[in-house]
1. What ³J(HN,Hα) values, in whole Hz, does the Karplus curve 6.51 cos²θ - 1.76 cosθ + 1.60 give for the range 292-298 when θ = phi - 60°, with x put for Gly and Pro?
2. Between the range 233-250 and the range 169-215, how many Å separate their Cα centres?
3. Nearest 500 deg cm²/dmol is fine: what mean residue ellipticity at 222 nm does the chain get from its DSSP H runs of n ≥ 4 alone, each adding -39,500 (n - 2.57), divided by its residue count?
4. Could you give me the ³J(HN,Hα) list for the range 116-126, computed from phi with Karplus coefficients 6.51, -1.76, 1.60 and θ = phi - 60°, whole Hz, x at Gly and Pro?
5. On the accessible surface of the chain, probed at 1.4 Å, how many percent belong to carbon and sulfur atoms?
6. Compute the long axis of helix 2-15 from its Cα atoms, compare it with the longest principal axis of the Cα atoms of the chain, and write down the angle in degrees, 0 to 90, nearest 10.
7. Quick check: residue separation of LYS47 and CYS339 times 0.36 nm, minus the Cα distance between them. What number comes out in nm?
8. Hey, can you find the accessible area per residue of the range 49-178 for me, probe 1.4 Å, expressed in square angstrom?
Amino acid sequence: MKILIIFIISTMLSTNCHAITTNLNPLILIPGAGGNQLEARLTSKYKPTSLLCNKLYPLNKDSEGWFRIWFDPSILLAPFTKCFNQRMKLYYQTQLDDYYNNPGVETRITHFGSTKSLLYLHPYLQKITAYMEPLVKALEEIGYRDGANLFGAPYDFRYGLAAEGHQSHVGSKYLEDLKELIESASNSNGGKPVILVSHSLGGLYVQQLLVRNPKSWSQKYIKHFIALASPWGGTVMQMLTFASGNTLGVPLVNPLLVREEQRSSESNMWLLPSPKVFNTKSPLVVTPNVTYSAHDIAEFLKDIGFPEGVLPYTSRILPLVENLVTSTDQVPITCVIGCGVKTPETLLYADGDFDKSPEIVYGDGDGTVNMISLLSFESNKSTYQHLKVIKLQGVSHTGILKDEIALEKIVEEISFINSDISLVSKA
């Protein structure tokens, strides 16, 4: 039966492209951390840490002083890595209970509502910085068009959200903008509800959007939520980022030079392993004297030399992640995940020196997110009744946006949703 349905959908797509185009539900792409371009501008309050990092750098700015800070290939060189670290850092203001940019640094998102800033992280380095371009191209082949029925929702991925009762001005504003984009996309497409497709961190934002809005609104405006590689319960990799820094695969960069900036990121703290998801008895970080589980994150932050992270973690993040998988079942959800890829499961610091790279014990996952986190929703079936999980063997966290088989599965799922045919079986 499933094969027959796939054949019918494929025939419809290949023989009646125009009809399908007019009948497609609008679709919005929500990227993951680092998944869209980010621009910055330096003001008179900016205080450079070195002569090289003065306001003249970089030379390539527009008439109003804006320049691309992410992704900028100059960060591969150590002196400029330090500039990047200073300019990308966030500061938690205890009295205001919120995160802010470094004084003198303004940032902005470009092309909100469009897929333009999601395609490549650098428009002149398309081959090596392609992000959602393969997925967008695949969507265009079935009739989606940017600005008509296909939209993008980039954001400042350094910021996150906080538990109820705490300020989160940037993250909260993004949810407002995303909500308005959803309503606008629906209204401009004859009132059709929207398909949301997120990658990685973007899925956490969408989940919070659902939690923070009435069920009636979600059911009116959202047809389906497809979450690609969402780290629902955080990752062990994030503990490596906080302890020793993480180059995220960027060559030549010393992880210690970006560690300070990575520790300051509100969203990075959001992605630490949740004690709600990870077994609190399982060792995630091991030193000669102390073993840390997901229950010991506050102690871990203090011991790695980041005590200023304890207060925002315990007051803002911990209550948020503890409630991550307890929302109501508002819209159908499809989780598409990679599996069978070596993923850090335990970090061993033999001499207790967090400035050195640890020995890593690997487990299952997508290379970045652990399987227990990827499958958090599946373990809460009583909460998410309309849940489908598609597992892709050997597909990595970022590969899910490029791998031919993964793209085929994602587009197939979108085609089923557009055709109102629901397959409840798992792939």
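1. 10, 10, 5, 7, 10, 4, 4
2. That distance is 28 Å.
3. Per the formula, -9000 deg cm²/dmol.
4. Coupling constants for the range 116-126: 4, 7, 9, 5, 9, 7, 9, x, 9, 10, 5 Hz.
5. Accessible surface attributable to carbon and sulfur in the chain totals 55 percent.
6. 80
7. Value of the extension gain: 100.6 nm.
8. On the way: 6220 Å² over 130 residues.
Per residue, the range 49-178 has 48 Å² of solvent-accessible surface.
The values are calculated or read from the model by the stated rules, or taken from the named source; none is laboratory data. All values derive from a computational prediction rather than experimental measurement. Ideal geometry is used to build each Cβ from the backbone, glycine not excepted, and the neighbour counts take in all protein chains shown. Quick note on the areas: whole protein, heavy atoms, side chains included, nothing else; ligands and nucleic acids left out. Shrake-Rupley method; radii C 1.70, N 1.55, O 1.52, S 1.80 Å.
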